[in-house]
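**Q** Dumping the structure here so I can ask a few things about it.
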């Protein structure tokens, strides 16, 4: 007849009490295992499952490229906005240039008539006030007598011999030019000086 050992709940095998106490203490002292965090789980996955996987690296490169492109786009849009704001008044100022031309002509031809002297004072004052207001918006006059000829700012309409003005310099301004800050609105039409018997290579 075989022996059957029946253990009641809470009954322990015949183990010395000292060993039982040591086992209980080891169980109490054992650190509690916690689930790995997201970073740890990702590291374990990369090390054990797909050590040669490059998906994350490629995705990071794509993300960085997208951020760089977005940053460049924002900078380009800001530059275009600044440029539009800087030259927003260009068309308005260009429309006012004929008015300045007419005032210049009135002063030029009226100065030859003695009866117009008093009226010319008003025209001169009006022109000065208008030009000062436009200068406040960045308008600058281009083309003064005695300046060196510059094809970027001046348009030569002819050459004349002169002993008073150096070769290649502006002898007379036929029509003043204007620029808005560093952008040319209209070149000055000028006569260019040349010494007696010489011929300058100036495109007319």
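Nothing in this text is a laboratory measurement; each read-out follows from the coordinates by a stated rule. Predicted model, so just to flag it, every value in this text is computed and none were measured.
**Q** Is the C-alpha gyration tensor of the range 90-194 telling us rounded, prolate or oblate? Criteria: a/c under 1.5 is rounded; beyond that, a/b larger than b/c is prolate, otherwise oblate. Spell out each step's value before the answer.
**A** On the way: a/c = 2.51, a/b = 1.17, b/c = 2.14.
Taking the square roots of the gyration eigenvalues as a ≥ b ≥ c, the range 90-194 is oblate.
**Q** Could I ask something else about it? Could you tell me which of rounded, prolate or oblate describes the range 55-113, using a ≥ b ≥ c as the square roots of the eigenvalues of the alpha-carbon gyration tensor, with rounded for a/c under 1.5 and, failing that, prolate when a/b is larger than b/c and oblate otherwise? Let's see the in-between values first.
**A** Details: a/c = 11.15, a/b = 8.57, b/c = 1.30.
Taking the square roots of the gyration eigenvalues as a ≥ b ≥ c, the range 55-113 is prolate.
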